[in-house]
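Chemist: Take a look at the following structure, please.
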There are 2 protein chains.
Amino acid sequence: MVKNMERDAQQEDKGGGRVVFGVAGVVLAASFLFMRGPAHDTTPILSTPAHLDYDPCCAYPCQNQGVCLTLPANNYTCDCTGTDHYGIHCEIPTWRAWLKKVLKPDPETVHNLITSNSLLWGIINRIPFIHKQIITYVYISRGDMVDSPPTFESDHSYITLNAYFNESYYGRALPPVPTHCPTPFGIKGPKEYPDVDMLIKKVFMRREFIPEPHDTNVLFQYYAQHFTHQFFRTDYKKGPQLTKGSGGVDVSNIYGLTEQDRQALRSRVDGKLRTQVINGEEFPPYLKDVPGITMDYPPHVPIPEEAKFALGHPFYALLPGLFAYATIWVREHNRVCDELQRLHPGWDDERLYQTARLIIIGEVIKITIEDYVQHLSQYNLRLTFEPELTHGTHFQYHNRIHAEFNHLYHWHPLIPDTLQINGTDYAIMDMAYSTAPVFKHGLDNFIHSMVNSRAGALTTRNHAHVLYPVLKKVIENSRQLRFQGVNAYRKRFEMKPFTSFQELTGDTELAGVLEEMYGDIDAVEYYIGLLAERPGPSITPLTMVNMGGPWSVKGLMANPICSPKYWKPSTFGGEEGFNIIKTASLEKLFCLNMRTGCKDISFTVPAGTS
Amino acid sequence: MVKNMERDAQQEDKGGGRVVFGVAGVVLAASFLFMRGPAHDTTPILSTPAHLDYDPCCAYPCQNQGVCLTLPANNYTCDCTGTDHYGIHCEIPTWRAWLKKVLKPDPETVHNLITSNSLLWGIINRIPFIHKQIITYVYISRGDMVDSPPTFESDHSYITLNAYFNESYYGRALPPVPTHCPTPFGIKGPKEYPDVDMLIKKVFMRREFIPEPHDTNVLFQYYAQHFTHQFFRTDYKKGPQLTKGSGGVDVSNIYGLTEQDRQALRSRVDGKLRTQVINGEEFPPYLKDVPGITMDYPPHVPIPEEAKFALGHPFYALLPGLFAYATIWVREHNRVCDELQRLHPGWDDERLYQTARLIIIGEVIKITIEDYVQHLSQYNLRLTFEPELTHGTHFQYHNRIHAEFNHLYHWHPLIPDTLQINGTDYAIMDMAYSTAPVFKHGLDNFIHSMVNSRAGALTTRNHAHVLYPVLKKVIENSRQLRFQGVNAYRKRFEMKPFTSFQELTGDTELAGVLEEMYGDIDAVEYYIGLLAERPGPSITPLTMVNMGGPWSVKGLMANPICSPKYWKPSTFGGEEGFNIIKTASLEKLFCLNMRTGCKDISFTVPAGTS
């Protein structure tokens, strides 16, 4: 019954879309819009057949983000408040919503438009008035897709005060599927999840390395990992629904998460972080030299004390690429301190440190938007960091990381099986908990090797074999967290649900494998669907762009430094400090902090790389 | 020099005010406004006389909330970004700011207008269109005065990331005066604070009980105390700049602050809180019966186990009035659970508990605005709780409690020396850590005695003697926190600074006492100035209204339940649950939870009380 209704709604929609409007028609419709008040939020009470012995809300009958509320005797009601829809299932759009639906092109068309037409965008990018309008629209429309304040967490399928006041929770864009529902997806699909090992073997394991088709390199892969771990800090000991993080870009990956860690990593001189000189270059201090810092080095593996470092994030013990980024950011902090001290010779250590940290957080956001997301999206629209564009709007300067964002960001297919440095091949496991590749070849050579090495394509059948346990844990956690299916998330983020496995994958063989496992397209798991989607013009498939985009924009632009009271020169030590942020770039970050040349620093391999 | 400049600015303002505008003039001025772009944020560099051997920012030279930044060689600059002013000291208004200054009546005039003219307000209160416009203006304009996200904490005199990311800090509306400044107020006033004991004796100690002139009763006093302690949770062990609280109205005073406390206080049946029956009435459980809960009973005083209760807040051990409110709210929670269970017989304990808690937080906000703040302000404008009025505006649904709000709320003069119950007089110390007055006379009689007893006037020379140590600690803490003077806060909250001690106090003798101690009106301490101000039409003097108002509105309306995604029927179990909030009142709260009659329940003593 519910399925029929969806189909009806779509047909209706298509019918509306077929009507050809002239400008006059649009104006006429718009005038209706203003005459008509907001639709009354009806909350009718519906009866479902008496033989249903389960919660009728398990069928997710409410459309357009209406909230289903179970009532006695297998009844339910849809709360359509704020959805711009009404009717029993919030299926009837108000004039405003209807007009928006008719006029707004679908997300795939928009995405194709932005990733092609480079000539057109070349012009638009150079007309500040129009460009600013578009960027403002991007900030606000993406931000609006993230509930702020947060509404859900993983322990309740309904709104509670915990979602807001208990900040140990990751937020949720959609609440978990109640455990009392007939299937893990509500009423659709198999009663049990497909076997995780079979799933991994058939869908995820790398047959042969598939390189990323947009020339993405390993420097990009490590940027993603280094950047995102500041806010993906799952508290695995307590459960995958919980985080130790503070909810956003807090540069805790550079400075430490707790005040105790931050104090331990400071030199207490001129605002600078502790460093040491190795082979004539500045590096983070050894772990043994920084009491109070704990790093995730495995306890039973003999690692010499001169190979263990004290970094802002305990996880960065894992890989030399993370150590390289950690080193560059520590050098950048200390460089900014020198700049600030030149400008303010009277400032004490504390003020230099605090102000440098404010500048660094600005640099991180600037580089993430203008270099990293720019590459990630493959947009021809030039993305810019202009916090003032959100000022005075309803944009909320507060963020909560969502569990689904964390899962979405498991981009392990980016990791190639080996990294070649100065002619030596290092397998992933060779590099685990080792900084030898950095010190044997020198940091600059290591950085160049990251630049010159291709990352893997973000798709199915491209997970390196050693990452099997990581992938298995992600899928198991998503099941424990009772994530809704990928199609539910498509709807939540204003995309049309996939109608077939073929449409999802664009690959007949893979479609067959998935259909055999899930049976119903509405029962495809979240992470599986995200990765199984046919490739698009961006580094990630399209659903990931349309979900990750809102979370990224919100996380970057809701930072306190973007708010009106922070975003001014005096916050950053004056115009000069403010300009360090405004002119920051990936290239500058490396060029100012490498000893030898910084040629070709970017997120793609140099032209001509095989 | 700075003082002269202020005087100049004021004269200029008056001059502008004298120009008589016709409607055409306003339109003309407005058209200029739109022609003129936003003022360029000039950041000129100024030199102060070379003989100054201190930080020139200690003189607070920047006007209109411009930010002073110290530069080398005793120079400084004012950052005027976002102030709508420009010029060396941000002293020149933009057209918009100038027009606003000219058109907007001063806060005292507005306040007198709202607290008189009852006939006019009686009409306005009944015209929904106009009334809603005014309430929206109140929400937004008050909310705008509170920096959100928060900017300052008490350990730095400049913006840091700590103010936002370290939620252990109370926020600050104004940063602390740097310790390197010549005086505790910057450059004004004495080099040392006046002796605290002398100050208390001369200015604060009660000579004889001054009753509150608006018939305020002890039920109001205890409401203030019970309500505010949910968010004033100073972490005294670590320092007065820190809080254990979560930043706002979280009903942690009813349910407990930590998840562990909340779980301990639950019965685990039908969503209800633990209770016990004493003399045929429902009360909170004994402390001995609730493992895991700690209460602030003094360790070395012999209190029988049957006089110790487990309440949501450890502090509520202190006084029987707090115990009475705690009991009423526990009963109300359990009553709401019964209502919800009637509506949703299939719901489990968890959902009943969580949804009842959401309804209770709504009731708390509704009653606080419509009964408590309504009485406190003595406004003839009817204050209403209508969260939808903030939707779609730039209002930020996030709050941080400010240290200054905590200090402002030290309303101990409200406390009378004795409370008479059924003919027996109880002195304050008789009631400390005792629930005997409740159980000897019965809860209902105790409540009626709170209703029938007058509270004290919120003014100088009206602190009960036993509260000497509390008051002394407040003043000492404000000094440790380096609060700026009361005049700095007047400016921060868009009031004109007091120009003389006489103007502040309206009392020649008190003016003399204060002038002798402080010398300079700009050096009067924050809390001292707030209480020493001449009485006005509200329960508190005017500066307190104009500062407490913004913090209150922000704290109440920035609650997550007020945000668009929460404020809908389904959040509260459907229309019936939503209506419990929408029809909540102080009277209903007591009437539904007292055993005998609830006659005369209100925040004033009954008419005719001596």
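Chemist: What is the fewest-to-most order of B:Glu305, B:Glu153 by other Cβ atoms lying within 10 Å of their Cβ?
Modeler: So the residues, fewest neighbours to most, are B:Glu305, B:Glu153.
Chemist: For the range A:43-169, what D do you get in µm² per second when you plug the Kirkwood radius from alpha-carbon pairs into Stokes-Einstein at 37 °C and 0.692 mPa s?
Modeler: Approximately 180 µm²/s, per Stokes-Einstein.
Chemist: P(r) for the range B:48-119, please, calculated from all Cα pair distances in 5 Å bins and given in %.
Modeler: 3, 16, 17, 15, 13, 11, 9, 8, 5, 2, 1, 1, 0
Chemist: Dividing the alpha-carbon radius of gyration of the range B:242-314 by 2.2 N^0.38 Å (N being the number of residues), what value is obtained?
Modeler: 1.17
Chemist: Still on this model: Find the percent of Cα-Cα distances in chain A that exceed 43 Å, and round it to a whole number.
Modeler: Of the Cα pairs, 24 percent sit more than 43 Å apart.
Chemist: Over the range A:195-252, consider all pairs of different Cα atoms and compute the Kirkwood hydrodynamic radius from their mean reciprocal separation; express it in Å, one decimal.
Modeler: Computed over Cα pairs of the range A:195-252, the Kirkwood hydrodynamic radius comes out at 14.5 Å.
Chemist: Could you pull out every one of the lysines with an alpha carbon less than 18 Å from that of B:Lys582, ignoring same-chain neighbours closer than 8 positions?
Modeler: By straight Cα distance, B:Lys582 reaches B:Lys132, B:Lys366, B:Lys565, B:Lys568.
Chemist: Right, another one. Counting each DSSP H run of 4 or more residues in chain A as -39500 (n - 2.57), what helix-only mean residue ellipticity at 222 nm follows after dividing by all residues, to the nearest 500 deg cm²/dmol?
Modeler: One gets -11500 deg cm²/dmol as the mean residue ellipticity at 222 nm.
Chemist: Quote to one decimal, in nm, the extra length available between A:Glu587 and A:Arg268 on full extension: 0.36 nm per residue of separation minus the C-alpha distance between them.
Modeler: Net length gain for the segment: 111.9 nm.
Chemist: Pairing rule first: another cysteine's C-beta must sit under 4.7 Å. Under that rule, which cysteines of chain A stay single?
Modeler: A:Cys337, A:Cys562
Chemist: Hey, how much of the P(r) for the range B:97-180 falls beyond 18 Å, as a percent of Cα pairs?
Modeler: 63
Chemist: What percent does the relative contact order of the range A:234-320 come to when contacts are Cα pairs within less than 8 Å and at least six residues apart?
Modeler: Answer for the range A:234-320 is 26 percent.
Chemist: Calculate how steeply helix B:218-228 sits against the longest principal axis of the alpha-carbon atoms of chain B, using the helix alpha-carbon long axis, and give the answer as 0 to 90 degrees to the nearest 10.
Modeler: Between the helix axis and the principal axis of chain B, the angle is about 70 degrees.
Chemist: Same structure again: Restricting things to Cα coordinates, could you compute the convex hull volume per residue of the range B:421-527 in Å³?
Modeler: Roughly 159 Å³ of hull volume per residue.
Chemist: Dividing the alpha-carbon Rg of the range A:376-478 by 2.2 N^0.38 Å yields what?
Modeler: Rg over 2.2 N^0.38 Å, computed on Cα atoms: 1.46.
Chemist: Can you give the longest run of chain A that contains no trypsin sites (Lys or Arg not before Pro) sitting in a DSSP loop with at most 13 other Cβ atoms inside 10 Å?
Modeler: Result, exposed sites excluded: A:269-594.
Chemist: Determine the shielding of peptide B:60-70 by partner chains: average, over its residues, the number of Cβ atoms on other chains within 10 angstrom of each Cβ.
Modeler: Partner-chain Cβ atoms within 10 Å, mean over residues of B:60-70: 2.
Chemist: When B:Ser267, B:Ser154 are ordered from fewest to most other Cβ atoms inside 10 Å of their Cβ, what list results?
Modeler: B:Ser267, B:Ser154
Chemist: Shifting gears a bit: Using alpha carbons only, how many degrees (0 to 90, rounded to 10) separate the axis of helix B:468-480 from the longest principal axis of chain B?
Modeler: 40
Chemist: Follow-up question, since we're still on this one. In 5 Å bins starting at zero, report the fraction of Cα pairs in the range B:164-273 per bin as a rounded %.
Modeler: Per 5 Å bin, starting at zero, the Cα-Cα P(r) for the range B:164-273 comes out as 2, 9, 10, 11, 14, 15, 15, 11, 6, 3, 2, 1, 0 percent.
Chemist: With a cut-off of 8 Å between alpha carbons and a minimum separation of six or more residues, what is the relative contact order of the range B:345-486 in percent?
Modeler: Once divided by the residue count of the range B:345-486, the mean separation gives 20 percent.
Chemist: Also, I was wondering about something else. Kindly put A:Met547, A:Met295 in sequence by how many other C-beta atoms sit within 10 Å of each C-beta, fewest to most.
Modeler: A:Met295, A:Met547
Chemist: Sum up the charges of everything whose Cβ sits under 11 Å from the Cβ of A:Arg595, counting Lys and Arg as +1 and Asp and Glu as -1, but leave A:Arg595 out.
Modeler: Local charge sum for A:Arg595: -2.
Chemist: Follow-up question, since we're still on this one. Please compute the length gained on full extension between B:Ala97 and B:Val466, using 0.36 nm multiplied by the number of residues separating them and subtracting their Cα-Cα distance.
Modeler: 128.0 nm
Chemist: Output the 0 to 90 degree angle, nearest 10, between the alpha-carbon long axis of helix B:2-18 and the longest principal axis computed from the alpha carbons of chain B.
Modeler: 90
Chemist: Next question. Along Cα-to-Cβ, 7 Å out, sits the label point; list in nm, shortest first, how far the one on A:Val466 is from those in the other copies.
Modeler: Nearest to farthest, the other copies are at 7.1 nm.
Chemist: Here's a follow-up. Take every Cα pair under 8 Å in chain A that's 6+ residues apart, average their separations, divide by the length, and report that relative contact order as a whole percent.
Modeler: Result for chain A is 18 percent.
Chemist: With the Cα gyration tensor of the range B:504-610 in hand, convert its eigenvalues to equivalent ellipsoid semi-axes via √(5λ) and list them largest first in whole Å.
Modeler: Output for the range B:504-610: semi-axes of 41, 23, 8 Å.
Chemist: Using only C-alpha positions, report the orientation-averaged shadow area of the convex hull of the protein assembly as shown, nm², one decimal.
Modeler: Projected over every direction and averaged, the Cα hull of the protein assembly as shown covers 50.5 nm².
Laboratory data are not the source of any read-out in this text; all were calculated from the coordinates shown. This one's a predicted model, so the numbers in the text were calculated from it and none came from an experiment. Reconstructed Cβ throughout: ideal geometry from the backbone, glycine too, with neighbour counts over all protein chains shown.
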